[in-house]
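The values are calculated or read from the model by the stated rules, or taken from the named source; none is laboratory data. Computed from a prediction, not measured in an experiment: that's the story for all the values here. Virtual Cβ from ideal backbone geometry, glycine too; neighbours counted across all protein chains shown. Each accessible area value is taken on the protein alone, full model and side chains, heavy atoms only, with ligands, DNA and RNA left out. Shrake-Rupley method; radii C 1.70, N 1.55, O 1.52, S 1.80 Å.
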Amino acid sequence: MLTLSETNRLKRYKKRYKKTSKHNLSRYWLLSGLCLGLVPTAALCEEVALAQDSSETEKSEGMSLQDDEIQEDKSSRHGLHDGKGPHHRGNHKKSHADSSSSDENYVSIRDLIVSADRPKATTDGSGSYVVKGVTIGKRIQRLEDIPQSVSVMTKQQMLDQNLNTVSQALTQMPGVNVNNYGDGTSGVTARGYGMNTQYDSIPSFGGLSFAQQFDLSIYDRIETIRGPDGIFQGGGSPGGSVNFVHKRPLDKFHVATSGSVGSWNNLHADFDVTGPLNKAGTINGRIVMAGASRDYFYKPGHDQRWTGYGAIDFHFDEKTTLTLMATGQKNTTTRFMGLPRGSDGSDLHLPVSTYIGAGWNKTRSPMYELAADFERHLDKGWLVRLAGRHRQTNNSQQYSYLNKFNSATMKGNFALAKAIDKETYDDVDLYVTGPVHLFNRKHIFLVGANYSYNVEKDAGSSVSSSKYPQLADQDIFAPILSSSLLPETLSPYYREPSIQKGMYASAQIEVIKPVQVLLGGRWSSYEYKYRNLTTGSAYVHSQHVANQLTPYAGVVWHMTPSLTSYFSFTDIFAPQGGYTESGERIKPIQGQQMEVGIKGAWFHEKLHASFAAYRVMERNRAQATQDGRIDCGLNGTSTCYEAAGLVRSQGFDTEIIGRPIKGLDINMGYTYNDNRVLKGGGSLVKGIRFTSNSPAHLFKLWSHYRFALGSSSDKNILSFGGGVNAQSSTFGNSRLVTQPSYVIASAQVGYQLDPKFEISVTVSNLSNARYYTRLGTLNYYNYYGDPRSFMFSVHSAL
C-alpha cells in the first residue's frame, strides 16, 4: 500500500512521462524496469525521473557520443588510440567532474586524476563502469560496432570493489569462470572453453591459465571478448580473449596510494605516480609499485609478491609516439594440491581450514616483461602501429600430493615432486588502419601481421611409495614427509619452441548508413617441436600446420541511436599444449561459431545493456582424463589429456552495466551455457556435458551507491555496495566429483572524508557458505572457496 507521499511522487512521475516525446518512451520503460528490479522504493524511482529530466537538459548543453564521434572523425579518428597520439598531449583539459553530466554533483577521489591527455578508451579517472571504446580489436571501437560479446572491467569498478588481483577482477566479469589452481594461478574459461591472452592488444601464446599474474594495480582496465578472436589472435580459442591494458603516463602530475588489511593477515599496498619529465611535456612517465602478503584460511598457506612497473611516453611530434614499458615481479606461494573426496566422489565435509601435504610445498615464479609501442598518425586519419613484448618467467616448485587415498581410514599414499619451467614469450604485431571514402560512404580497413615465439624449458621428477615405502599409509592430516626424499635430479630436460605467425586483414564496410558489413580473415601457420637437452637429441617436429585460413564475417545494424543488432560467423583454429597418456600431443582445435545479439546504450552512454545467443561447434578439444593422472608430458609431471570428438557449446549471455540514476553504479551479468559431446572421443560418451568446473548458469551482480551527507559536493560522501555471485551445479576432472549450486554475497560501506581520502570496509561471503572454487579428482584438486572475510581499505591522492 503506497503512502500519500509516495502516491503524489508517482503522480508527478506519470505527469512527466505523459509529456515525454515518442523518442524517449523506451528510456522510461527501461528506467521503470530498473526501479522495479533494483531499486524497489518510490522515492528512488522519482530520482530516476528527475535524472531523466536532467539528462534532457544536458542534451542541449553537450554532445552525444555519436556527435563526439563525428567530431573525432573530422580531426583524426584514431587520434584517440589508447595511451598515445595527438589527443594524448593536452587536447582535452577537462577533469571527470567537468565532463560528467549535471547530475554528478559530488567529486570522488577518482576525479582527481586529470583527464587532460587521457584518451577516450582509458578508464583511470573516468569515474564510470562504462567505456566509450575498447582496443581489443586493434583499433579503438565502440562496443556497439563489434558483432561479438565484449565486457570491460574499468579502473573505477576495481577501486569500488577493492580488487587487487587479476583473478578477483575476472571473477566479477560477466560470462567468465575462474577456477583456483592452488599455487597462486587460476584457470579461466568462458562458454566452456579456455581463453586466450592479449597485452595492449598484442596476442600472446599464453600467460593466463596456469600462469602467475602481475598485480592488478598496473592495469587501466581488462577487456574480454567472448567467442573466438582468431582473426587477430591466430590460435583463437572458442572461449575468447582477455586483453590486459596497462596504465599509461599522463602529462600532469598525479600521485595515488592505497592500502588494505583483511582476514588471515591479508595485506596489500600500492603507489602510483605519473607526470611530465620535461618542461615541454613531450616526455611523460609513470611508476607503479605494489606489494602483497597474505596467509590463507588453511595453514601453512601463504602468498607474497612484489611488483614494479614503469612506463615512458616519448612524443616526437603531434603525430608520433613511442612508449616503453617494463614490469617485474617476485612471488612465493604455498603449493597446495587440494583436498580428496570419498571413493564414490562424495564430499567428505572436511573443515575449510584443512590442509593436506607437506609444510615445505612451495612455488616460486619471478617474472619480468619488456614492451615497446610505436604509433605514427598518417594523413587522412590513417594510423600505423608497431608493438612488441618480451616476457620471461622462471617457475620452480616442490610439492607433495595424495596419489592413493582410503576415505574409510583417512590414510593414503603420497608422492613427492619437483619441477622447473622456464618460459620466454616474444610477440611482435604490426598493422596499419584507416578510413576510405567510396560511394559517399566511409569504410575502415585494417591490414597487419604478427609473430609469436614461445620457448619452454622444463624438467621434472617425482617419487612415490614404490621407491620410498615410508610414503605409504600415511595419516593425511599429519603426514611425515621429509623434503630429503625429493628427487635430487630433474630428468629429462626439454626445450620446446613454438612459433605462430600470420597475416590478417579486416574491412568495416558501410553498405547503407545504419548497416555495416565486417569481413576479415587470417592466413597463419603454426609449428611446435622439442628436443631432449639431457641426451642432446635432435629436434622432433611434433606439430606443423601451414597456410591455415581463418575467415570472419559479421553484420551490424544500428536500428536506432540507442539500439544495435548484429550477427557474426567466426572460424576456429587453436593449437593446444596437452599430451595424451600415450605421449602424443593433442591436435589443434578446429570449428566455427555463430552469434546473434543486440546492444543498447542510454543516458548519453552511461548505461549499457546487451544480449547475445551463440553456438560453437568444434573438434579435438583437449579434456583431462577421467583417471586424473598427472604423469604425462615430456617430463612426466603434467596433466594427462584426451581429445574429444565433436563438441557443441550453445547458450546466451546478457549484461547491464553503468549508472541508471545519480550515484548508483551497477554491473549485472547472466550466462547460460550448455556444452555437450555430440560425437564421442576417448572416454567421452555422446550426450554428456563436456567441460568440468563450468556451470550451466552463472549470475553476477555488483552495485555501488554513493551520496553526500551534507551540502558539500566533495566531502562527507557515504557509499554502500553489495554483490551476489551465483552458479549452478558442476562436476570435476572426475565426473564422480560434483557440487550443488551456491550463492555468495558481499557487502561494503565506505566514507569519503574529502576528495583526497576515502575509506571502506568490505565483507565477503556474508553467509559464510561452504563451497568449492574448483573440483578435481578423488585424490586432489578440490579447493574450498574463501569463508567469510573482512577487508579495511584506504585510498588517497595528491
Inter-probe distance in nm under a simple model that places probes 7 Å from Cα toward Cβ, at GLN592 and GLU488: 6.0 nm
Near-label residues of segment 613-636 by backbone N, under 13 Å of a point 7 Å along Cα→Cβ of ASN532: 634-636
Hydrodynamic radius of segment 120-246 per Kirkwood, over alpha carbon pairs, in Å: 14.4 Å
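In whole percent, how big is the carbon plus sulfur part of the accessible area of segment 120-246, probe 1.4 Å, protein atoms only?
Numbers: 930 of 1790 Å².
Exposed carbon and sulfur together represent 52 percent of the surface.
Applying 1/(1 + (r/R0)^6) with R0 = 56 Å to the Cβ-Cβ distance of GLU581 and ASN716, what FRET efficiency is obtained, to the nearest 0.05?
Details: r = 64 Å, r/R0 = 1.15.
Calculated value: 0.30.
Enumerate by residue number the trypsin sites (Lys or Arg not before Pro) in segment 276-346 meeting two conditions: DSSP loop (anything except H, G, I, E, B), and at most 15 other Cβ atoms within 10 Å of the site's Cβ.
Working: sites: LYS279, ARG286, ARG294, ARG305, LYS319, LYS330, ARG335, ARG341; in loops: LYS279, LYS319, ARG335, ARG341.
Answer by residue number: LYS279.
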Nearest-0.05 FRET efficiency for ALA280 and ASP379, computed from C-beta distance (R0 30 Å): 0.75
13 Å beta-carbon shell around MET153, net charge (K/R +1, D/E -1): -3
Distance between modelled label sites at ILE688 and LEU798, nm, 7 Å Cα→Cβ extension: 6.0 nm
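Against the empirical 2.2 N^0.38 Å scaling, what ratio does the C-alpha Rg of segment 455-607 come to?
That ratio works out to 1.75.
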Accessible heavy-atom area order of ILE225, ILE598, highest first, probe of 1.4 Å: ILE598, ILE225
Of GLY184, GLN172, SER201, farthest towards positive along the dipole that unit charges on Lys, Arg, Asp, Glu beta carbons give segment 120-246: SER201
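Counting heavy atoms of the protein chains only and a 1.4 Å probe, report the per residue accessible area for segment 120-246 as a whole number of Å².
Values: 1790 Å² over 127 residues.
Result: 14 Å² per residue.
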Projected label distance in nm at ALA326 and SER396, using a 7 Å step from Cα toward the beta-carbon: 2.4 nm
Near-label residues of segment 741-785 by backbone N, under 15 Å of a point 7 Å along Cα→Cβ of THR257: 756-759
Within segment 672-798: Cβ-based charge dipole about Cα centre, in debye rounded to nearest 20 (Lys, Arg +1; Asp, Glu -1): 640 debye
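How big is the equivalent ellipsoid of segment 666-742 along its three axes, where each semi-axis is √(5λ) from the Cα gyration tensor, reported in whole Å from largest to smallest?
Working through the eigenvalues yields semi-axes of 45, 11, 7 Å.
Measure off, as a whole percent, the carbon and sulfur share of the 1.4 Å-probe accessible area of segment 604-733, all protein chains present.
On the way: 2580 of 4610 Å².
On segment 604-733, the fraction of accessible area on carbon and sulfur atoms equals 56 percent.
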Segment 395-471 and segment 128-192: distance between their alpha carbon centers, rounded to Å: 20 Å
Exposure ranking of THR332, THR489 by accessible area [1.4 Å probe, largest first]: THR489, THR332
Pair-distance profile P(r), taking every C-alpha pair of segment 255-366, with 10 angstrom steps and integer %: 12, 27, 23, 17, 12, 7, 2, 0
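Compute the orientation-averaged projected area for segment 420-469 from the convex hull of its Cα atoms and round it to one decimal in nm².
Values: hull surface 25.9 nm².
If I average the Cα hull's projected area over directions, I get 6.5 nm².
What number comes out for accessible area per residue over segment 576-629 if the probe is 1.4 Å? Units Å², please.
Here the per-residue accessible area is 41 Å².
Using the Kirkwood formula over every pair of different C-alpha atoms, what hydrodynamic radius in Å results for segment 699-798?
For segment 699-798, the Kirkwood estimate is 15.9 Å.
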Length added when fully stretched, ARG441-VAL511, from 0.36 nm per residue minus Cα-Cα: 24.4 nm
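Expressed in nm to one decimal, what extension gain is obtained for the pair ALA726 and ARG495 from 0.36 nm per residue of sequence separation less their Cα-Cα distance? Mind showing how you got there, number by number?
On the way: separation 231, 0.36 × 231 = 83.16 nm, distance 4.25 nm.
Extra length available between ALA726 and ARG495 comes to 78.9 nm.
Count neighbours as other Cβ atoms within 10 Å of each site's Cβ, and list the chymotrypsin sites (Phe, Trp or Tyr not before Pro) in segment 419-452 that are DSSP loop with at most 12 such neighbours.
Those that pass, being in a loop and sparsely packed, are PHE439.
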Charge tally in the Cβ shell below 12 Å around TYR181, where Lys, Arg are +1 and Asp, Glu are -1, TYR181 excluded: +1
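Would you tally the net charge around LYS700, using a Cβ to Cβ cut-off of less than 13 Å, leaving LYS700 out, and scoring K and R as +1, D and E as -1? Mind showing how you got there, number by number?
Working: positive: none; negative: ASP653, GLU655.
Cβ neighbours under 13 Å give a net charge of -2.
Taking a cut-off of 20 Å, what percent of all Cα-Cα pairs in segment 191-314 are separated by more than that? Walk me through the numbers before you get to the answer.
Values: 4393 of 7626 pairs.
Roughly 58 percent, once rounded to a whole number.
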GLU605 accessible area, assembled protein chains, probe 1.4 Å, Å²: 20 Å²
Extension gain (nm, one decimal) between PHE569 and ASN547, 0.36 nm per residue minus Cα-Cα: 5.9 nm
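To the nearest 0.05, how large is the calculated FRET efficiency for ARG735 and ALA449 if R₀ is 45 Å and r is the Cβ-Cβ distance?
Values: r = 43 Å, r/R0 = 0.96.
Computed FRET efficiency for ARG735 and ALA449: 0.55.
Which of the chymotrypsin sites (Phe, Trp or Tyr not before Pro) found in segment 196-258 are in a DSSP loop and have at most 14 neighbouring Cβ atoms, other than their own, within 10 Å?
PHE253
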